[in-house]
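Structure first, commentary second.
Read-outs: derived from the displayed coordinates by stated rules, not from any lab. Predicted model only: the values in this text are computed from it and were never measured. We place every Cβ from the backbone using ideal geometry, glycine too, and count neighbours over all the protein chains shown.
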Amino acid sequence: MHAADLRKFGWPCGYCGQLTILSPGGDGVTVDVRSSEGPGCASFAAHRSCLADRLDPDFNGDRARVKAVGRNQPLPPAIGNQSS
């Protein structure tokens, strides 16, 4: 793996199978699945649009959050540059 690979890191979408970009500015998100009945979890990558389109249309807030999460967020401070 090269540094350039991380600038445009992609993985197949769990819904449509097409490549989704998970790097900053990309069109993908990771989805974590957990159960209250015991330990363990599963994760998969998805296009924001594929995930949002599969949510109940009545859940407008959830659809909007899927489309917005990670977007237009301030960048975290660099290590060692954090103000107290």
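Things to note:
- Phi-derived couplings, Karplus 6.51 cos²θ - 1.76 cosθ + 1.60 at θ = phi - 60°, listed residue by residue for segment 32-37: 9, 10, 9, 10, 7, 8 Hz, with x used for Gly and Pro.
- Least to most buried among 66, 31 (fewest other Cβ within 10 Å first): 31, 66
- Once backbone amide H atoms are built at 1.01 Å from N, residue 15 has 47 as its partners under 5 Å, excluding neighbours fewer than 5 places away on the same chain.
- Straightening the chain between residue 49 and residue 35 buys 2.6 nm, computed as 0.36 nm per residue apart minus the Cα-Cα spacing.
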